[in-house]
1. Residues being in contact with a helix residue (DSSP H, G or I) (Cβ under 8 Å, 6 or more places away or on another chain) and in a loop (DSSP other than H, G, I, E, B): count how many of those fall in segment 11-21.
2. In segment 219-247, which residues are more than 25 Å from residue 371 (Cβ to Cβ) and surrounded by 14 or more Cβ atoms within 10 Å (Cβ to Cβ)?
3. Residues 186, 234: which one is within 30 Å of residue 151 (Cβ to Cβ), at pLDDT 80 or above and away from ligand 2 (no atom under 15 Å from the Cβ)?
Ligand SMILES: [Zn+2]
Ligand SMILES: [Zn+2]
Ligand SMILES: [Zn+2]
């Protein structure tokens, strides 16, 4: 429905506003939204009615605008009628389930909040599927009958911190230690307030302005180059949940249990990646927002962290890089199709449903929720 104000001059009709309105409605029709322009969808009124109701009660105003009183009165009567017509039309409109039709702006907000956590979860799952973790899990089943379960907690900082990625790598995790700190330990600037910089962007050339670095871009705290640093606003803490001992298992039984876990991990990983690709395509076709800073950059940081802490021999880094390449190929195809005008309609996907599915994943749903 459209409400046009200031329409007394056009005798309470749309007047010149009708042309842009027709163009807009034609555009919507191209997207599958059909609106008929008539007196049930276009309502013309005038706020001169306000002058009749309020202005004419003021002696000074009344003296000045005496000659217009009849016009104001007509405006009030007409606008009042139109408002009642509008209310009547609203009550007759057929309702539809709001949950089933997330608007584009709602979709944008959901995608923006979802993509960063998905980049983290992709990495966590890939880590859990790695060869070294497989062996640790089988050993655990054989020693105390349990799979190792990790709990992930997020600690949000009061101010962004500038930390060193290279130095974080030097503090190796102790696999026997129940509390494993995987995040950055070298904090080079504690209250790193830099305007116009996006946290978690890597590399970030604007970090040259951070107080931690000297004129040559060398860190005065750790000695590394400024491009080896990153600004973060929170850190992830992984804790291993201690479980009571269960009957120990044979290697064969342990492998069986692990392979069940692995297939759940694989299906969750496939689902997460399919979702990421779907969301990226939605953003591309609707030209809403660039997904690179939302997802690609974040995943690159996760890969870099893995690379630094596990070394180049890690299968996690390889697999994540391959998945990222596949993602980039797919999004480039969409880009090319868009340029050649091969995609004409908006691909409608149900963001709310995707969101609900992601947060109810058996193992990682609760982790995604934590990051939101
Ligand atoms: Zn700083
Ligand atoms: Zn540093
Ligand atoms: Zn450093």
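The values are calculated or read from the model by the stated rules, or taken from the named source; none is laboratory data. Note that the structure is a prediction, hence the values are computed from the model and not measured. Reconstructed Cβ throughout: ideal geometry from the backbone, glycine too, with neighbour counts over all protein chains shown.
1. Number of matching residues: 2.
2. 219, 221, 222, 224, 225, 226, 227
3. Exactly one of 186, 234 is within 30 Å of residue 151 (Cβ to Cβ), at pLDDT 80 or above and away from ligand 2 (no atom under 15 Å from the Cβ), namely 234.
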